[in-house]
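Asks: Structure provided below as structure tokens; questions to follow.
The values are calculated or read from the model by the stated rules, or taken from the named source; none is laboratory data. Bear in mind that the values here come from a model prediction, so they are computed numbers and not experimental data. Heads up, the Cβs are rebuilt from the backbone with ideal geometry, glycines too, and the neighbour counts pull from every protein chain shown. All accessible areas refer to the heavy atoms of the entire protein, side chains included, with ligands and DNA or RNA removed. Shrake-Rupley method; radii C 1.70, N 1.55, O 1.52, S 1.80 Å.
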Amino acid sequence: MSKLYTPQEVADILQLKKTTVYSYIRDGKLTAAKFGKEYRIDELDLKAFIDKAKK
């Protein structure tokens with residue numbers, strides 16, 4: 001099983017604001033799963049997002 005990150009953890013990793021991460025999720029640029037009111041981003045989805053940004 002892959003690690004799951006919170007939007008805040010992703011923001012810290014990418015050195016972005018948490019609101020930017022939520023915008024990426026809302027716009028469909030970053031895949032996230034919603035559990036109740038909380039989002040979690042799978043490690044593999046984060047890697048795919050970063051790889052796509054490199055191109």
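Asks: Inspect the stretch 15-26 for any residue being part of a loop (DSSP other than H, G, I, E, B) and not polar (S, T, N, Q) and give the result as yes or no.
Replies: Yes, the conditions are met somewhere in the stretch 15-26.
Asks: What number of residues in the stretch 27-55 are surrounded by 11 or more Cβ atoms within 10 Å (Cβ to Cβ) and of a type in the set (Lys, Arg)?
Replies: The qualifying residues number 3.
Asks: Restricting attention to the stretch 1-24, and to residues there that are touching a strand residue (DSSP E or B) at 6+ places or on another chain (Cβ under 6 Å) and at pLDDT 95 or above, which single residue is most open to solvent (accessible area, probe 1.4 Å)?
Replies: Top of the filtered list is 4.
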